[in-house]
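Participant: I have a structure here, written as structure tokens, and I will follow up with some questions on it.
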Amino acid sequence: MLLSFEEFQNFIPQKDTYALFGWPLGHTMSPELHTQLFEASGQDADYIGVAVPPEQLAEAFELAKAKLRGINCTIPHKKAVIGLLDEVDNAARDLHSVNTVAFRGGKAIGYNTDILGFAESLTRDGVILSGKKVLLLGYGGAAAVMAYHCAREGASVTITGRNLDKAAALQQQICGALPRAHVAVFSRKHIPRDIQIVLNSTPLGMFPKEEACPLHFLPRKTEYVFDAIYNPPVTATMKLANPKKCKTRDGLFMLVMQAAHAQAIWTGTAFAPQACETILRRLYGKMAVKRLHDKHGKRNIVLCGFMGSGKTTVGRKLSRLTGLPFVDADQYLEAKEGQPIPDIFAQKGEAYFRDRESAYIRELCGRDGIVLSLGGGAVLREENVKAIRETGLLIHLDTPYFRILKNLSYSDSRPLLNKPDKQAETRRLYNARKELYHRVSDVSVRSPKISEVLEKVVKSI
């Protein structure tokens, strides 16, 4: 629930309630994220967003103390709220930034959980900061969190950006809080070549300007890239990395973990890692649906690929992540025709089957919001591809041939493979179709592991 300041003035909570204060608030994932965390821990609580103009922060804060159990603060209130607090955690004081407030024992106590979320992102990826050389892109609030944590953990930090005066101000802030910190400022033209970790705190590369990038290339020794942006989930900065030599991470896990730590402060709840992983996957799914609409202007996610490539398995899993209903085009056709596809081939021929397949694809493409798994030969007809791409993002599962062979070895219901040499016929059809799948698709994803395919499909959207 998102409220204006005036609506918040009249708001009467029905249960323990927490809120996000920001201005402008715009689209935020925080209410959905915190709701999922409440559900995971079995708490009966609400979370709302409140658009609080800067000049009304003090009044909104007094209302919050009377109505709420705690609040999160985002831009532009993270620094301004400090003057309204009774106590401030050490890290939040050093950062001059509070994103979490707990109302406890008649006092308002401020914390910064962004730093905890950032730290857990690096821990999740096995990144050890001590002795490493870090390049930090940007000098705002998120940059301060990253610089403070890296310097505190023993890394040497280089800050760069368009405004070197602001970068120098952040350098002074970090060195003032951590006298032994190693923090330097360089222009982008003079970035040290031996940088090992690159952190992007800037909004460059965020939807809708996804091609923007704060760097043209990464230092050659880069082994890890972290980007605080999570829309898109694979940013322009992350794309600069060599996937064989360099791990990357977007900012969504940081968002989940900072929220989990906020709830730990408010309620004492400790979340199991698996619960946070489940929530993370769901958020990627929700983000995929949002991007499907906002970026691609489509309603449906459509999977194509050779028979045995895992379209039905991936489609069902994708449906659970996104919340969109799943439809298998072959199963839909069988239900409509009242008989299995092998029987249709045997009794009425392939031409009849292809005609009915085209008719049902047109029907399914008229749906509003589904995950659709196509039969292996559905994209052979141009009319089908045209109908699919009018409303759907067409994703090709480019499953390795050895995995396809293994999957097909369990099946005897593929009429096109009913030949004396099944493996030779499989290879012939695969070779005949593989370029077509690439040509007609919006995206191709490749991996022998279903879990990796699912992740790549979600992030490709």
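Derivation of every value follows stated rules applied to the coordinates shown; laboratory data play no part. It should be emphasised that the depicted structure is a prediction, and the values quoted were computed from it without experimental measurement. Cβ coordinates were reconstructed from backbone atoms using ideal geometry, including for glycine residues, and neighbour counts include every protein chain displayed.
Participant: So what is the orientation-averaged projected area of segment 1-151, using the convex hull of its C-alpha atoms, in nm²? List each step's numbers first, then the result.
Facilitator: Details: hull surface 40.2 nm².
The orientation-averaged projected area of the Cα hull of segment 1-151 comes to 10.0 nm².
Participant: I would also like to ask the following. Whole-Hz ³J(HN,Hα) for each residue in segment 23-40, computed from phi via Karplus 6.51 cos²θ - 1.76 cosθ + 1.60 with θ = phi - 60°, x for glycine and proline: what do you get?
Facilitator: The phi angles translate into 7, x, 7, x, 7, 9, 8, 4, x, 5, 4, 5, 4, 5, 5, 4, 5, 5 Hz.
Participant: At Lys244 and Arg381, where each label point lies 7 Å from the Cα along Cα→Cβ, what is the point-to-point distance in nanometres?
Facilitator: Those two pseudo-labels are separated by 4.3 nm.
Participant: Also, quick follow-up: Using DSSP to define loop residues, name the GluC sites (Glu not before Pro) in segment 208-290 whose beta-carbon has at most 11 other beta-carbon atoms within 10 Å. The partial results should precede the final answer.
Facilitator: Numbers: sites: Glu210, Glu211, Glu223, Glu277; in loops: Glu210, Glu211, Glu223.
Sites meeting the loop and neighbour criteria: Glu211.
Participant: Sticking with this structure for a sec: Net charge near Ala155, counting Lys/Arg +1 and Asp/Glu -1 over other residues with Cβ under 11 Å of its Cβ? Walk me through the numbers on the way to the answer.
Facilitator: Values: positive: Lys132, Lys133, Arg152; negative: Glu153.
For residues surrounding Ala155, the net value is +2.
Participant: Simple spin-label model, 7 Å along Cα-to-Cβ: Glu7 to Arg281 in nm?
Facilitator: Calculated label separation equals 3.3 nm.
Participant: While we're looking at this one, here's another question. Multiply the residue separation of Glu337 and Ile75 by 0.36 nm, subtract the distance between their alpha-carbon atoms, and state the gained length in nm to one decimal. If you can, show how the numbers build up before the last one.
Facilitator: Details: separation 262, 0.36 × 262 = 94.32 nm, distance 5.67 nm.
Gain on stretching Glu337 to Ile75: 88.7 nm.
Participant: List Leu380, Leu20, Leu136 from most exposed to least, where exposure is judged by having the fewest other Cβ atoms within 10 Å.
Facilitator: Numbers: Leu380 15, Leu20 25, Leu136 31.
The order, fewest Cβ neighbours first, is Leu380, Leu20, Leu136.
Participant: Amide H to amide H under 5 Å from Leu215: which residues, 5+ apart in sequence or cross-chain, H placed 1.01 Å off N in plane?
Facilitator: Sorted by chain and number, the residues that satisfy this come to none at all.
Participant: Follow-up question, since we're still on this one. So what's the net charge close to Phe253: Lys and Arg +1, Asp and Glu -1, counting the other residues with Cβ under 11 Å from its Cβ? Write down the numbers at each step before the final one.
Facilitator: Values: positive: Arg124, Arg249, Arg281; negative: Glu120, Asp125, Asp250, Glu277.
Combined, the nearby Lys, Arg, Asp and Glu give -1.
Participant: Short version: ³J(HN,Hα) in whole Hz for each residue of segment 361-376, in order, from phi by Karplus 6.51 cos²θ - 1.76 cosθ + 1.60 (θ = phi - 60°), x for Gly and Pro, what are they?
Facilitator: Working through the residues one at a time gives 5, 4, 5, 5, 5, x, 5, 10, x, 9, 9, 10, 9, 8, x, x Hz.
Participant: If you take the alpha carbon radius of gyration of the chain and divide it by 2.2 N^0.38 Å, what ratio comes out, to two decimals? Let's see the in-between values first.
Facilitator: Values: Rg = 26.0 Å, N = 461, 2.2 N^0.38 = 22.6 Å.
Taking the Cα Rg and dividing by 2.2 N^0.38 Å, one obtains 1.15.
Participant: Would you mind ranking Thr202, Thr278 so that the residue whose beta carbon has the fewest other beta carbons within 10 Å leads the list?
Facilitator: With the sparsest Cβ surroundings first, the list reads Thr278, Thr202.
Participant: List, in order, the whole-Hz ³J(HN,Hα) value for each residue of segment 345-352 obtained from phi through the Karplus relation with A = 6.51, B = -1.76, C = 1.60 and θ = phi - 60°; use x for Gly and Pro.
Facilitator: Running phi through 6.51 cos²θ - 1.76 cosθ + 1.60 with θ = phi - 60° gives 4, 5, 8, 10, x, 5, 4, 4 Hz.
Participant: For each of Val157, Val302, count neighbouring Cβ atoms within 10 Å of the residue's Cβ, then give the residues from fewest to most.
Facilitator: Working: Val157 27, Val302 30.
Least crowded to most crowded, the residues run Val157, Val302.
Participant: As a test, work out the antiparallel percent of DSSP beta bridges whose residues both lie in the chain, rounded to the nearest 5.
Facilitator: Details: 8 of 58 bridges.
Antiparallel: roughly 15 percent of the beta bridges in the chain.
Participant: Using only alpha carbons, build the gyration tensor for segment 296-460 and give me the equivalent ellipsoid semi-axes, biggest first, whole Å.
Facilitator: Working: eigenvalues 105, 79, 41 Å².
Each semi-axis is √(5λ); the values are 23, 20, 14 Å.
Participant: Less than 14 Å from a label point 7 Å out along the Cα-to-Cβ axis of Lys65: which backbone N atoms in segment 72-100 qualify, by residue?
Facilitator: Output list for this probe position: 81-88.
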